[in-house]
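J.: Here it is: the structure, laid out below.
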Amino acid sequence: MVRALRQWLDNHQLPAIIAAVLGVVMTISVLMVVVGYLVARP
C-alpha cells in the first residue's frame, strides 16, 4: 500500500498537494466557524 501511494504521489504530485492544502484550509475554516458558534451562543 505504501508503494502504491508513493507511486500515485509521484504521478500526481501537484494535484495531490493542491488537494491536500485545500482540504486542510476547508477543515480549519469549518472548525473555526463551529467553535465560534459554540462560544458565541447564549
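J.: At a 1.4 Å probe radius, carbon and sulfur cover how many percent of the accessible area of the chain?
T.: That fraction is 75 percent.
J.: For region 31-39, in order, what is each residue's ³J(HN,Hα) by Karplus, 6.51 cos²θ - 1.76 cosθ + 1.60 with θ = phi - 60°, in whole Hz (x at glycine and Pro)?
T.: 4, 5, 5, 5, 5, x, 5, 5, 6
The values are calculated or read from the model by the stated rules, or taken from the named source; none is laboratory data. Just so we're clear, the structure is a prediction, and the values are computed from it rather than from any experiment. Ligands, DNA and RNA are stripped out before the accessible areas are found, and what is left, the full protein with its side chains, is counted by its heavy atoms. Shrake-Rupley method; radii C 1.70, N 1.55, O 1.52, S 1.80 Å.
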